[in-house]
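**Student:** Right, I'll just put the structure down here and ask away after.
Computed from the coordinates by the stated procedures, all read-outs in this text should not be read as laboratory data. Quick caveat, the model's predicted, so the values are computed rather than measured. Cβ placement follows ideal geometry from the backbone for every residue including glycine, while neighbour counts extend to all protein chains displayed.
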Amino acid sequence: MKKTNLLILCAASAAILTAWITPARGGEVDEKRIAKLEAERKKAAAEQPDQPQSGALKMYEWGVQRDNWDGTPVVINDVPDFYYDASEVPIADAPVTDPEPEPDPEPHRGMEEKPVIYFEASEGMGFGFDVKFTVGDITWMYPKPSRRTDASTAQWDSITVFPDGGDLDKGLPELHSVAKGHWSEFSREGSTSTLSVNGEAERFLFYEGTNSDLPEVDVSQDAEGNIILRNYSCCAVHDLRLRVKVKDAWRAWYVRAIAEANGDTPRELKLSDGDAVKLDDTRKPGLLAAEAKAAGLTDSQSKVFERCWGESFLQEEKAVLTYRLDQVLLDENYILTVKAPGVTVESKRVGYKYVAGIDLSRQDDLDALTLLAAGGDKEATAKLTKSGISGVGAVRRAMLDKDQPLRKRVNLAQILKAMAGGGH
């Protein structure tokens, strides 16, 4: 299995996307009945082109974008072997070309992991669906899309959603068998419908890919030993948890939100030992589910999310920063488009950032390296560009110094662009 940097899983309560599966599916499938239903739906749509279907479709998504503080690659979680990678979904209407070479040094890349999209509808309906990354490429998908139009876009032409308990869902293909307790198995519990696409059925949609966007939040330590959080994004970040070693002792903080940056000036928050919370208080069962529910997920979806990510988010004595992204950022970076004329679509998206391996002991070394790079030192620039989120933070902090010569500030801006994948 090819390692990637961005993973997205989508689970649906109505109809969503079909999986791309090459082996034969288990269970008996009433293929003639499904084909008949699809043909009747398409015929009705063709006969009444000016009469779009009506109704409402709710779309829920949860996911986590993982990254490592030092820039080392993120190892993806286990993806079922019947999911499809990008090589199995060729780009349509485009000549086959060799991939563009990666810049040297390789830019920072994160990974979006197990976002789950659920679709909820009161009645069966059909629609098309697109996923487009504005900051990366799609690498894994399930169910199988109709095509990729480019490396960052996947399209499903025809998804039919069958709400649970309806008359039409009894002839659907059986779900693919997965091990009990695997995330792809219990993630189905958050759905209230089954999706059918090209003879395949699933309770959710999955997509994964690389992410080369710059991190929203930086962690650093000032001269007095205080922990400083800075939000560089255009939106507030929510439900921040930080666990890090300070003077050989573990400290933990929880922050409800940090407001958005003011133009080029980040929003800054100073933490102190007096603000620290007990480590046990950051690990209580139900905390993550409560946050996800407050952000818009249903009760069952929130519980599935915590079941999948609770151990990673809430475990003790691991240096990690987590926070919830605003939906505006998710909508900008990962564009989801439902193509169903006449249908009202409501979406709730819950996405977290998970940064592992926070280590402030190298901050002074990185700051010194950044000053050399700002002065044009090529060796320092190469090392800095490979240093991941920790290096991004060092460059950003250096850029806050307005007294630096313009040439150095320009050099730093170019380094930061390279660390973001050249503006990809």
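**Student:** Which whole-angstrom value gives the distance between the alpha carbon centres of the stretch 177-195 and the stretch 378-424?
**Tutor:** Cα centroid to Cα centroid, the span is 43 Å.
**Student:** Under 1.5 on a/c is rounded, so check that first for the stretch 123-212, then, if it is not, pick prolate when a/b is larger than b/c and oblate when it is not; a ≥ b ≥ c are the square roots of the alpha carbon gyration tensor eigenvalues.
**Tutor:** oblate
**Student:** Further, regarding this structure: How high is the FRET efficiency between D150 and K417 when r is their beta carbon distance and R₀ equals 35 Å, given to the nearest 0.05?
**Tutor:** Calculated value: 0.95.
**Student:** Using a Förster distance of 41 Å, how high is the FRET efficiency between E88 and D364, based on the Cβ-Cβ distance and rounded to 0.05?
**Tutor:** Efficiency computed from Cβ-Cβ geometry: 0.30.
**Student:** What FRET efficiency, computed as 1/(1 + (r/R0)^6) with R0 = 35 Å and r the Cβ-Cβ distance, is obtained for A382 and D403, rounded to the nearest 0.05?
**Tutor:** Plugging the Cβ-Cβ distance into 1/(1 + (r/R0)^6) gives 0.85.
**Student:** Around D359, which amide H atoms from residues at least 5 apart in sequence, or from another chain, sit under 5 Å from its own amide H, with H modelled in the peptide plane?
**Tutor:** For D359, no residues qualify.
**Student:** Another question, then. I want the local charge near A356. Using Cβ-Cβ distances under 9 Å, sum +1 for each Lys or Arg and -1 for each Asp or Glu among the other residues.
**Tutor:** Details: positive: R66, K318; negative: D67.
Net local charge, A356 excluded: +1.
**Student:** For a footprinting-style exposure proxy, rank E379, E200, E123 by other Cβ within 10 Å, fewest first.
**Tutor:** If I rank by nearby Cβ atoms, fewest first, I get E379, E123, E200.
**Student:** How far apart, in nm, are the 7 Å Cα→Cβ label points at S300 and C234?
**Tutor:** Going by the 7 Å Cα→Cβ label model, 3.7 nm.
**Student:** If you find the alpha carbon centre of the stretch 252-280 and of the stretch 334-353, how far apart are they in angstrom?
**Tutor:** Here the two parts' Cα centres lie 30 Å apart.
**Student:** Go through G376, G357, L400 and say which Cα lies farthest out towards the positive end of the charge dipole of the stretch 332-405; charges sit on Cβ, +1 for Lys and Arg, -1 for Asp and Glu.
**Tutor:** Of G376, G357, L400, it is G357.
**Student:** How far, in nm, would the chain grow between E174 and S122 when pulled straight, counting 0.36 nm per residue and subtracting the alpha carbon separation?
**Tutor:** Details: separation 52, 0.36 × 52 = 18.72 nm, distance 2.17 nm.
In short, 16.5 nm is gained.
**Student:** Mind jotting down a quarter of the surface of the convex hull over the alpha carbons of the stretch 361-419, in square nanometres, one decimal?
**Tutor:** Numbers: hull surface 13.8 nm².
Average of the hull's projected areas for the stretch 361-419 equals 3.4 nm².
**Student:** If I model a spin label at D331 and R256 as a point 7 Å from the Cα along the Cα→Cβ vector, what separation in nanometres do I get?
**Tutor:** In this crude label model, D331 to R256 measures out at 2.4 nm.
**Student:** Filter the cross-link list K180/K318; K353/K402; K144/K386; K247/K318; K245/K293; K353/K386 down to pairs whose alpha-carbon distance in this structure exceeds 23 Å. Present the calculation step by step, with values, prior to reporting the outcome.
**Tutor:** On the way: K180/K318 28 Å; K353/K402 30 Å; K144/K386 35 Å; K247/K318 15 Å; K245/K293 30 Å; K353/K386 20 Å.
Distance filter (> 23 Å) returns K180/K318; K353/K402; K144/K386; K245/K293.
**Student:** If I model a spin label at K132 and V75 as a point 7 Å from the Cα along the Cα→Cβ vector, what separation in nanometres do I get?
**Tutor:** In this crude label model, K132 to V75 measures out at 3.6 nm.
**Student:** Where does each of C235, C308 land when they are ranked from fewest to most other beta-carbon atoms within 10 angstrom? Working shown, then result.
**Tutor:** Details: C235 17, C308 24.
So the residues, fewest neighbours to most, are C235, C308.
**Student:** May I pose another question? Sorting K408, K402, K378 on the 10 Å Cβ count, fewest up front, what's the list?
**Tutor:** Ordered from fewest to most neighbouring Cβ atoms within 10 Å, K408, K402, K378 come out as K402, K378, K408.
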